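This report concerns only the one structure given below.
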Amino acid sequence: MKGFRKFLVAVFACIFAAGTLHAVPLYQLSIVAEDGTFLGNFGNEYSSNSVYNQYGNYGSPYGSKSIMNKYSNYGSEYATYSPFNAYSSKGPWIVDRYGTKYGRLSVNRYASGVTEESYRLALQLKALRDSY
């Protein structure tokens, strides 16, 4: 019986770890579009690849591959691959350097792969984008 209990604890731990963004620090995660395009990472505001750097390629409100660009294929509220399209099921993935997926970044909480954490993060990023 103790062996079975340990097994159940291990299974629940794996399920919990797979459904959370906190298994890896956020700054070590990247955003990759459904079509495979790299869309930046969650580094600090001075990191050149960070979505928080409004002067970098991936955080700029003008970059073609920036989710912070309201008019780009990856940042528009109407674009298929944008995390801010409330009707799209093809928002980008949050991944680590090995390609492990930690959830789909989307304001469409019903899209496949969206976790509670990735949904909240998408809402926070949308608020930041809209503040530019």
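The values are calculated or read from the model by the stated rules, or taken from the named source; none is laboratory data. None of the values given here were measured: they were computed from a predicted structure. Glycine gets a Cβ as well: all are built from the backbone with ideal geometry, and neighbour counts include every protein chain shown. Calculation scope for accessible area: heavy atoms of the full protein, side chains included, ligands and nucleic acids excluded. Shrake-Rupley method; radii C 1.70, N 1.55, O 1.52, S 1.80 Å.
Once neighbouring chains are kept in place and the probe is 1.4 Å, which whole percent of the accessible area of the range 80-132 is contributed by carbon and sulfur?
Carbon with sulfur: 49 percent of the solvent-accessible area.
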* Asked: By accessible area of protein heavy atoms, probe 1.4 Å, what ranking do Phe38, Phe84 get, highest first?
  -> Phe38, Phe84
* Asked: Whole-Hz Karplus ³J(HN,Hα) for the range 85-95, in order, using 6.51 cos²θ - 1.76 cosθ + 1.60 and θ = phi - 60°, x for Gly and Pro?
  -> 8, 5, 10, 7, 10, 10, x, x, 9, 9, 9
* To do: Compute the signed sum of charges (Lys and Arg +1, Asp and Glu -1) over the other residues within less than 11 Å, Cβ to Cβ, of Val95.
  => +2
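Which order do you get for Arg129, Arg120, Arg97, Arg109 if you rank them by accessible area with a 1.4 Å probe, largest at the top?
Arg97, Arg120, Arg109, Arg129
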* **Accessible surface, the range 24-132, averaged per residue in Å² (probe 1.4 Å)** => 54 Å²
